[in-house]
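Here the structure comes first, spelled out in C-alpha cells, and everything after it is commentary.
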Amino acid sequence: MDFTKQQKILSEEKEKLLRQLEYYKKEDPYLAPERASQKTTDDDITETEGHDRITATRIALKQDLLAVDRALKKIDSGTYGVCEVCHQKIEKARLEAMPTALRCLADESKKKR
C-alpha cells in the first residue's frame, strides 16, 4: 500500500507542531528576558497562570509530535498501517482520518472499554 499521502500529511503536521512549540516557548512568561525582578503578588500570580497554561499546551503538543514522529518512522520501516495488537492492516479510512493510528478500529474500541 502506498502511504505517500499520509507521509505528506504527517510531515506537514510535524512542521506545524514544531512551529507551535516554538511559539509557545517564546510566550512563556517564565522565559521572558524582560521578566521583572521587582514584581507584585498579582504579577506573580498572572505569570504563574500563564506559565502553567503554556506548559500544559506544550506537553500536549509534544505528545502529538511524538505520535507523528512514530508514524513517520513506521512509514520508513514499512510497518505503518499495521495494528500493534492483532497485526492486521488498519482500515484505510481510519488512517486517512487519523494518520497516527496505531491500532485497527476493533482493537482501539477494546482498549477504550
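The values are calculated or read from the model by the stated rules, or taken from the named source; none is laboratory data. Predicted model, so just to flag it, every value in this text is computed and none were measured. Reconstructed Cβ throughout: ideal geometry from the backbone, glycine too, with neighbour counts over all protein chains shown.
Note on region 89-113: residues that are farther than 13 Å from Met1 by Cα, in a loop (DSSP other than H, G, I, E, B) and not β-branched (Val, Ile, Thr) total 7.
If you filter region 49-68 down to residues that are of a type in the set (S, T, N, Q) and more than 8 Å from the chain's Cα centre (by Cα), you find that the one that is farthest from Glu13 (Cα to Cα) is Thr55.
Scanning region 66-95 for residues that are touching a residue at least 60 places away in the same chain (Cβ under 8 Å) and in contact with a Lys or Arg (Cβ under 8 Å, 6 or more places away or on another chain) yields a total of 3.
All of Ala36, Ala60, Ala56 fail the test of being more than 23 Å from Asp107 (Cβ to Cβ), of a type in the set (A, V, I, L, M, F, W, C) and at pLDDT below 90, apart from Ala36.
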